[in-house]
Amino acid sequence: MKKLFIFISCFMFFNLIEAETITDEDGCSAKKLQIMRPDYPGSPQIPYQGYSIVSFDIKKDGLVNNIKTTESQCVISRNEDGSILFKKCPYFKKISYTAARYIKYSPPTMQDGSSCSIKDQEHRFSFRKYRHKFKDQDQFLLYKEAQNIRSQDFKTDIDLTVYIYNLFYKPKNTKPLTEPIEPKYRSLSIPSNPANSQPSRPLERPIQPSGPPLNRPPGS
């Protein structure tokens, strides 16, 4: 009875998601209805962070089979450019496989309404210790970064967002705007070497008279 209660408490939480429709090359389509939230591995103090990818087939009744965990990556550190460094690890394989068993779709159908099945689908599970939403699914908050955030007093949510943004996108080292800029070309008005400078050609050529000469009127 105790084991049964532990099993239910670990896997009773499901994520009801917006219906996402998938369609294969043959025109067989189904809507994703249910994703189970997998149990979080690691110790409560310093749990692992990372992600996993599972592959599966969708049967005619909307349930999945042929489940395989094709990838399991752990967060290691942050690179200088702000991206996350991942390393292959085994910690998410088993729990991802267990969670994938509860993925549910609507019964797949063709355009004419006939029943069908869909092969080779994938789903990605993310394992995050800190519940911050990221547009980039490869971004994570590291332990030290989270501690720094907690120690600071951000007056507004915008200040917090800017702080986290700067973690991911490091500002480039640029020269200050007040630094004098060396001109690429010398001034056209001042010769580079006045002693050896040659007279420049006139910008305009003299206009040569054309046609017969104008005769002055008699008595002028």
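Of the residues making up segment 130-156, those that are among the polar types (S, T, N, Q) and modelled with pLDDT under 80 number 0.
Within segment 35-51, can one find any residue that is within 30 Å of residue 114 (Cβ to Cβ), modelled with pLDDT under 80 and either part of a loop (DSSP other than H, G, I, E, B) or not aromatic (Phe, Trp, Tyr) (or both)?
No, the conditions are met nowhere in segment 35-51.
Within segment 62-93, the residues that satisfy the criterion of being among the charged types (D, E, K, R) and at pLDDT below 95 are 78, 80, 81, 93. Is segment 107-129 home to any residue that is modelled with pLDDT of 80 or more and of a type in the set (Phe, Trp, Tyr)? Among the residues of segment 107-129, at least one is modelled with pLDDT of 80 or more and of a type in the set (Phe, Trp, Tyr), which makes the answer yes.
Taking segment 116-137 as the range and being part of a loop (DSSP other than H, G, I, E, B) and either on the phi > 0 side of the Ramachandran plot or free of Cβ contacts under 8 Å to residues at least 12 places away in the same chain (or both) as the test, the residues that pass are 131, 133, 134, 135. If you go through segment 64-115 and keep only what is buried (at least 19 other Cβ atoms within 10 Å of the Cβ), polar (S, T, N, Q) and not in a strand (DSSP E or B), you end up with just 96.
The values are calculated or read from the model by the stated rules, or taken from the named source; none is laboratory data. The model shown is predicted, which means the values in this text are computed figures rather than measured ones. Note that each Cβ is placed from the backbone with ideal geometry, even for glycine, and that neighbours are counted across all protein chains shown.
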